[in-house]
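This report concerns only the one structure given below.
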Amino acid sequence: MQTIVIAGGGAGGLELATRLGDRLGRRRRARIVLIDRSPTHVWKPLLHEVASGKLDPQVHQVEYSAQAAHHHFEFVHGEVMSVDRTAQAIDIGACHGGDGSEHQPGRKLHYDKLVLAFGAVTNFFGIAGAAEHSMTLDSVDQAEQFRQRLVALCVQKGIRRETGIEPDAKVNVVIVGAGATGVELAAELHHTAHALAKYNIHALDPARDVRIRIVERGDRILPQLDAKLARNAEQYLRSLGIEVCTASGVAKVTSDAVHDEAGNVHASDITLWAAGVEGPQVCATLGLRLNRLRQVLVGPSLQTVDDPKVFAIGDCSSHVCSVNGTVIPPRAQAAHQQAVFLATVLGESDEKCLPHFQYRDYGSLVSLGPFVAVGVLIGRLGKFGSRGVVVDGMLARVLYRLMYRKHVLVLHGFVSMVAQTLSHWLRGRLAPPVKLH
């Protein structure tokens, strides 16, 4: 019985482990093992909602051990330290508790086939001070740290204003990068500031004293969307009081400001870097060919170009579409499609005769707060035309929410997905719109 190891439990890795467990593990046709350094999974596209306080990660998290027990795969808690491709063995680091004590020792795990699904980390592009003075949204812990820091700053600044220590106290938030993550976070933070004021968490005027600014190197926001749609999104952000600074490359970041290449200084109490991604450092230790973003190069069947027994999917991989020659973008829908593809072919014993993966772009949806979203939908076989159909408003918002429900459906099945949806809806009716502490 072959052992298939999946390193990384993100959207693609967890879905692949679930599908392979149901298909091969249930019948004991293969041993399926998932490795992740965290004991729980939260869908990464939701991290901006965790950072804004709109979403409680404990309500939406998936316990890897429980998922493994229900879907016939094994979960190993630990971080991949190195891979010996000659011996086909993975070194897994020890796990430590919050008090620093070792809960599990380091281990070695052998594999017959290995799938790299590490995801990606923030790319600071070598900008001076960016890594030292910016926060990121690579994990739930980082999103929670951002939220707690924002709430603390609002409370502190409000007290300083009330007591007269700083009569003009303001909270300045600068988001570097106007892709989906940066734009979605900015819109959610606007509503968070107003919600915290409504519940008297801080004494600031959310419209005047909580300043949110997006700094983008490109000439427009949301480059993955149609230019007209991006302009409409920018106008909506400006109507919320969010400042958008395009064509503003960052020169350096300090503890209290973001300096752009034109010499402008953007005051910042919190800087969130959302300007790009790259493969994690572990990718550079595998002896596999990488691109300039440290992503693993893969061939038509998602096998790494250097080792047919090692596959790579999701944001840590670089796959060039054989149809149009473009690189598949680092999106959740790409990881989902790659997981579906590998779930059907990894049971094959001959790695040399695997079919080719074909990526289909179904469009993009971007949230602009609790009630608004924008995007473009592209149907199967060009059903809606090559440019797709533009959607916005509440319809786009409903479709945006359905993307997450589809992820839950894959992991838990229809009945559990419906039950969770109703549970989350009821919780939303009873609880405040954002976490208050």
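The values are calculated or read from the model by the stated rules, or taken from the named source; none is laboratory data. Computed from a predicted model, the values in this text were never measured in an experiment. No Cβ is skipped: glycine too gets one built from the backbone with ideal geometry, and neighbour counts run over all protein chains shown. When the accessible area is computed, the model is the full protein with side chains, heavy atoms only, and any ligands, DNA or RNA have been set aside. Shrake-Rupley method; radii C 1.70, N 1.55, O 1.52, S 1.80 Å.
Modelled spin labels at Asp84 and Asp219, positioned 7 Å past Cα toward Cβ, are 5.5 nm from each other. Dividing the mean sequence gap of close Cα pairs (under 8 Å, 6+ apart) by how many residues the chain holds gives a relative contact order of 16 percent.
Couplings 3J(HN,Hα) of segment 38-48, computed from phi: 10, x, 9, 10, 10, 4, 4, x, 8, 5, 5 Hz, in residue order, whole Hz [Karplus 6.51 cos²θ - 1.76 cosθ + 1.60, θ = phi - 60°; x for Gly and Pro]. Relative contact order of segment 32-188, taken over Cα pairs closer than 8 Å and 6 or more residues apart, is 23 percent.
Averaging the sequence gap over all C-alpha pairs within less than 8 Å and six or more residues apart, then dividing by the number of residues, gives segment 1-52 a relative contact order of 45 percent. Annotation note: trypsin sites (Lys or Arg not before Pro) in segment 262-347 located in DSSP loop regions with a Cβ neighbour count of at most 15 within 10 Å are Arg289, Arg292.
How would segment 87-133 be classified by its alpha-carbon gyration tensor: rounded, prolate or oblate, with rounded meaning a/c under 1.5 and the a/b versus b/c comparison settling the rest? Judged from the Cα gyration tensor, segment 87-133 comes out oblate (a/c at least 1.5, b/c at or above a/b). If you model segment 264-315 as an ellipsoid using its alpha carbon gyration tensor, with each semi-axis the square root of five times an eigenvalue, the axes come out at 33, 10, 9 Å, biggest first.
A 1.4 Å probe run over segment 334-374, with the rest of the protein chains in place, finds 42 Å² accessible per residue. With only the Cα atoms considered, segment 239-300 has a convex hull volume of 171 Å³ per residue. In this entry, segment 1-64 is assigned a mean projected area of 4.5 nm², taken as a quarter of its C-alpha convex hull surface. The length gained by stretching the chain between Arg27 and Asp56 to full extension, at 0.36 nm per residue less their Cα-Cα distance, is 6.8 nm. P(r) tail for the chain: Cα pairs beyond 31 Å make up 43% of the total. The label point for Gln156 and the one for Glu132, both projected 7 Å from the Cα toward the Cβ, are 1.9 nm apart. Leu293 sits among other residues whose Cβ lies under 11 Å from its own Cβ, and their net charge, with Lys and Arg +1 and Asp and Glu -1, is 0. Placing +1 on the Cβ of every Lys and Arg and -1 on the Cβ of every Asp and Glu, with nothing else charged, gives segment 1-77 a dipole about its Cα centre of roughly 460 debye.
Accessible surface area normalised per residue over segment 260-309 is 43 Å², counting heavy atoms of protein chains with a 1.4 Å rolling probe. Over the chain, dividing the summed -39,500 (n - 2.57) contributions of all DSSP H runs of at least 4 residues by the number of residues returns a 222 nm mean residue ellipticity of -10000 deg cm²/dmol. For the residues Ala117, Ala396, Ala419, a GNM of the chain with alpha-carbon springs under 10 Å puts the largest fluctuation on Ala419.
Centre-to-centre separation between the Cα atoms of segment 237-266 and those of segment 64-91: 42 Å. Please state the charge dipole magnitude for the chain, taken about the Cα centre, from unit charges on C-beta atoms (+1 on K and R, -1 on D and E), reported in debye and rounded to the nearest 20. With only Lys, Arg, Asp and Glu charged at Cβ, the dipole is about 1300 debye.
Spin-label model, His110/Leu297: points 7 Å from Cα along the beta carbon direction are separated by 3.1 nm. Across the options Tyr199, Thr421, Gln156, the greatest Cα extent toward the positive end of the charge dipole of the chain (unit charges at beta carbon of Lys, Arg, Asp, Glu) belongs to Thr421. The loop-placed chymotrypsin sites (Phe, Trp or Tyr not before Pro) in segment 57-137, going by DSSP, that have at most 16 neighbouring Cβ atoms within 10 Å of their Cβ come out as Phe125.
Per-residue Karplus couplings for segment 213-227, computed as 6.51 cos²θ - 1.76 cosθ + 1.60 with θ equal to phi - 60°, are listed in order as 9, 10, 10, 10, 5, x, 8, 7, 7, 6, x, 6, 9, 4, 4 Hz, Gly and Pro entered as x. Phi angles across segment 195-200 convert, under the Karplus curve 6.51 cos²θ - 1.76 cosθ + 1.60 with θ = phi - 60°, into 3J(HN,Hα) values of 5, 4, 5, 4, 8, 6 Hz, Gly and Pro given as x. Computed over the chain with a Gaussian network model linking Cα atoms closer than 10 Å, the most mobile of Ile313, Ile92, Ile214 is Ile92. The Cα center of segment 415-437 and the Cα center of segment 108-161 differ in position by 25 Å. Amide H to amide H, with H built 1.01 Å from N, Val391 comes under 5 Å of Gly375, Val376, Leu377, counting only residues 5 or more places away or on other chains. Legend: residue pairs Lys406/Lys435; Lys157/Lys228; Lys170/Lys252; Lys54/Lys309; Lys170/Lys406; Lys170/Lys228, Cα-Cα distance threshold 30 Å; pairs beyond threshold, Lys157/Lys228; Lys54/Lys309; Lys170/Lys406; Lys170/Lys228.
Counting only alpha carbon atoms, the long axis of helix 393-412 and the longest principal axis of the chain meet at about 40°. For segment 18-172, a Kirkwood radius taken over Cα pairs fed into Stokes-Einstein (25 °C, viscosity 0.890 mPa s) yields D = 129 µm²/s. Of the residues Leu237, Leu109, Val410, the one whose Cα sits farthest toward the positive end of the charge dipole of the chain, with +1 on the Cβ of Lys and Arg and -1 on the Cβ of Asp and Glu, is Val410.
Given in Å, the Rg to one decimal and the Dmax to the nearest whole number for the Cα atoms of segment 232-386 are 20.1, 59. Could you report segment 1-130's accessible area per residue, 1.4 Å probe, as an integer in Å²? Per residue, segment 1-130 has 41 Å² of solvent-accessible surface. Of the residues Glu102, Glu79, Glu188, ranked by 1.4 Å probe accessible area with the largest first, the sequence reads Glu102, Glu79, Glu188.
Amide H to amide H distances under 5 Å link Glu79 with Gly93, where only residues 5 or more positions off or on other chains count and H is placed in the peptide plane. Look at the dipole of the chain built from charges on Cβ: of Gly126, Cys321, Thr285, the Cα furthest out on the positive end belongs to Cys321.
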